[in-house]
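Report on one structure; see the data block that follows.
The values are calculated or read from the model by the stated rules, or taken from the named source; none is laboratory data. Worth saying up front: this structure is predicted, and the values here are computed from it rather than measured. Cβ: placed from backbone, ideal geometry, glycine included. Neighbour counts: every protein chain shown.
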Amino acid sequence: MASGSVRVLMVSSEVESLARTGGLGDAVEALSRALGVLGADVVVVTPKYGVTRVPADARLWPRSVFAPLGLGHTRELGVLETHLADPSAAPVSSRRSAPPKASGAPRVCLLCDGELFERDGIYGDRRGAFTDNPFRFATLASGALSVAERAWDGALPDVVHAHDWHAALAVLYARRTRGAAWARVPTVLTIHNLAFQGVFPSSELDYLAIPRDAWDGGSIRHDGAVNVMKGAIDVADRVTTVSENYAREIQRWPHGFGLEGHLRWNSSKLLGIVNGIDTVSFDPKTDGAIARRYGAADAPQGKRACKEALCAELGLSSDGPLFGVVSRLQWLKGIDLLLGILPALVERGARFAFVGTGDADLEGALREAAARWPGRVASRVAFDPTLARRIFAGTDFLVVPSRDEPCGLTQMYAMRYGAIPVVTPVGGLRDTVEPVDVAHATGTGIVAAASDASSLLLACEDALGLWRESIGFESLVARAMARDSSWDDSARKYLSMYEALRGKLGP
Ligand code: GLC
């Protein structure tokens, strides 16, 4: 690694190729890789869960690290080191072990703690969220700093970059509890989803080594409870969110989820940087998970073959316009809005393919819809990233009906595979989908006027209208596929932010 390259400690509860439940893992992995390509020296620290896919070449550090926590307690953690595989070496779906380390490939350190992490879930299991999550993720945060003390031969990182509340205590610990050298290391917090803030009772404070004055002075206190996200927003040198529009939205109710005032107060350090996607791994020209590979030139034929295969796989008839939905099944994701207008759309000839897991009532509603309209609606209640790829390739449209969407990645995957996104006008959906303008032959998708059922119905009806005009539709698909959703620009923005912070504050 060239001298002078920025040393970045990334702390995250998810990393796509190792363990993930959603977009957080995708974003952290792809950003880390893009930063590596730009010359940054990135070390990602994440727990080793029972569900983690550990690459065959991972090696155990000869000595454990020790994570100081509260009340004199220290946690001993094993460290398994590997690196982020080059996604071009093998399609994700068939990847078993990491290919050789390419230069600049970020290192990944997996924290091993049998009691805390070795479970069949990241945040919880069928019975609900794990009750010791505050302690589990405090251990991630503290353990990450301990790993960093050894990862660069004793030098500290130039920047600590923590993602979402699970990692956010790393910001607080660096600044407040680990001594003067750490206190000078600049910190960045990225908010991927403000709906989850890490809220727990004040009885946990001492146990988690949260300084009392952070509570007494209100820095980490919100509505009478500990709020990790709030505390980290207060302390971090920069707070980023995953789209520019979301950075504006969270300063107002309801997208601020109670922290809107705090975010307005901290607006001078708040910055929106839109996510990209991993365009090497997600490429219909090389994707081994889809029925037929295709590029811009043979998209109509390629997508037709993928659509037929997908319909056969899901038991759908392939004659009508096909809409896909790839989502966590939660109220915020607006799945209920779409279910409400489903009868009208099925009536007009639309077909639907759903994949996702989440709230039990929404899972039940999807199963019911499939039973009610066999051949027209298919539901796979599963977390199935490979089927998701076949949906991007085989559908005409991808619906993202969210009420709140910090960035959203599926609309970008969809465009890359030539499925036209039909989205609500929130968060990053607004920043990444350019509304179709038929008269001027511009735009890459359909943006509903509001996040409600009637606007969504109008947007889906527009989609049906576009689908019927086959020539116009083909050029729309071509424009969507041509959109640059790579990380290049955004990773450069992060890198200049790190460099500016290093210049201003660094050790
Ligand atoms: C979260 C957000 C999603 C975002 C992703 C990656 O999952 O809900 O909108 O795209 O993080 O940043």
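Would you check if Arg119 is modelled with pLDDT under 95, in a loop (DSSP other than H, G, I, E, B) and not small (Gly, Ala, Ser)?
Against the criterion (modelled with pLDDT under 95, in a loop (DSSP other than H, G, I, E, B) and not small (Gly, Ala, Ser)), Arg119 does not qualify.
Among the residues of the range 428-435, is there at least one that is assigned to a loop (DSSP other than H, G, I, E, B), touching a helix residue (DSSP H, G or I) at 6+ places or on another chain (Cβ under 7 Å) and either closer than 30 Å to Gly36 by Cα or within 16 Å of the ligand (Cβ to nearest atom) (or both)?
Yes, the conditions are met somewhere in the range 428-435.
Can you tell me how many residues within the range 1-47 are at pLDDT 95 or above, of a type in the set (D, E, K, R) and under 15 Å from Tyr123 (Cβ atoms)?
1
Scan (1) under 26 Å from Val28 (Cβ atoms); (2) surrounded by fewer than 19 Cβ atoms within 10 Å (Cβ to Cβ); (3) among the small types (Gly, Ala, Ser) for the single condition Ala168 breaks and write down its number.
(2)
Tally time: how many residues in the range 353-386 are surrounded by fewer than 23 Cβ atoms within 10 Å (Cβ to Cβ), among the small types (Gly, Ala, Ser) and within 27 Å of Ser243 (Cβ to Cβ)?
Matching residues across the range 353-386 total 1.
Somewhere in the range 256-263, is a residue outside the structural domain of Gly427 (by TED's automatic domain parsing), under 18 Å from Ala30 (Cβ atoms) and either away from the ligand (no atom under 13 Å from the Cβ) or of a type in the set (A, V, I, L, M) (or both)?
No, there is no match, as no residue in the range 256-263 is outside the structural domain of Gly427 (by TED's automatic domain parsing), under 18 Å from Ala30 (Cβ atoms) and either away from the ligand (no atom under 13 Å from the Cβ) or of a type in the set (A, V, I, L, M) (or both).
So which of Ala225, Ala195, Ala291 ends up being within 24 Å of Glu405 (Cβ to Cβ) and surrounded by fewer than 21 Cβ atoms within 10 Å (Cβ to Cβ)?
None of the others qualify; the one that does is Ala195.
Tell me which of these Gly465 doesn't satisfy, since it passes every other one: (1) buried (at least 16 other Cβ atoms within 10 Å of the Cβ); (2) in the same structural domain as Phe392 (by TED's automatic domain parsing).
Against the list (1) buried (at least 16 other Cβ atoms within 10 Å of the Cβ); (2) in the same structural domain as Phe392 (by TED's automatic domain parsing), Gly465 comes up short only on (1).
Mind telling me which of the residues Gly78, Gly25 ends up being surrounded by fewer than 24 Cβ atoms within 10 Å (Cβ to Cβ), within 16 Å of the ligand (Cβ to nearest atom) and free of Cβ contacts under 8 Å to residues at least 40 places away in the same chain?
Matching residue, one of Gly78, Gly25: Gly25.
Looking at the structure I just gave you, is Arg389 among the basic types (Lys, Arg), away from the ligand (no atom under 16 Å from the Cβ) and surrounded by fewer than 21 Cβ atoms within 10 Å (Cβ to Cβ)?
It is false that Arg389 is among the basic types (Lys, Arg), away from the ligand (no atom under 16 Å from the Cβ) and surrounded by fewer than 21 Cβ atoms within 10 Å (Cβ to Cβ).
Given (1) surrounded by 14 or more Cβ atoms within 10 Å (Cβ to Cβ); (2) over 18 Å from Leu116 (Cα atoms), identify the lone condition not met by Ala56.
Here Ala56 meets the rest and fails (1).
Taking the residues in the range 227-255 that are in contact with a Lys or Arg (Cβ under 8 Å, 6 or more places away or on another chain) and charged (D, E, K, R) as candidates, determine which candidate is nearest to the ligand (Cβ to nearest atom).
Arg238
Mind checking whether some residue in the range 299-307 is buried (at least 23 other Cβ atoms within 10 Å of the Cβ) and of a type in the set (A, V, I, L, M, F, W, C)?
Checking the range 299-307: at least one residue is buried (at least 23 other Cβ atoms within 10 Å of the Cβ) and of a type in the set (A, V, I, L, M, F, W, C).
Hey, can you tell me all the residues within the range 159-192 that are small (Gly, Ala, Ser), touching a Ser or Thr at 6+ places or on another chain (Cβ under 7 Å) and over 25 Å from Cys407 (Cβ atoms)?
Correct list: Ala174 only.
Which ones in the range 177-199 are more than 16 Å from the ligand (Cβ to nearest atom) and within 30 Å of Val274 (Cα to Cα)?
Listed by number, the residues that qualify are Trp182, Ala183, Arg184, Val185, Pro186, Thr187, Val199.
Give me a count of the residues in the range 474-502 that are without any contact (Cβ under 8 Å) to a residue 40 or more places away in the chain and over 29 Å from the mean Cα position of the chain (by Cα).
Result for the range 474-502: 1.
Suppose we filter Asp361, Asp396 for residues that are acidic (Asp, Glu), over 22 Å from the mean Cα position of the chain (by Cα) and under 23 Å from Ser317 (Cα atoms); which single one remains?
The unique qualifying residue is Asp396.
On the basis of being under 22 Å from the mean Cα position of the chain (by Cα) and within 16 Å of the ligand (Cβ to nearest atom), does Val280 make the cut?
No, not satisfied.
Does the range 176-228 hold any residues that are under 27 Å from Lys493 (Cβ atoms) and of a type in the set (A, V, I, L, M), and which are they?
Result: Ala183, Val185, Val188, Leu189, Ile191, Leu194, Ala195, Val228.
Condition check: closer than 16 Å to Ile446 by Cα and either within 16 Å of the ligand (Cβ to nearest atom) or out of contact with any Leu (no Cβ under 8 Å at 6 or more places or on another chain) (or both). Does Pro406 satisfy that?
So Pro406 fails the test.
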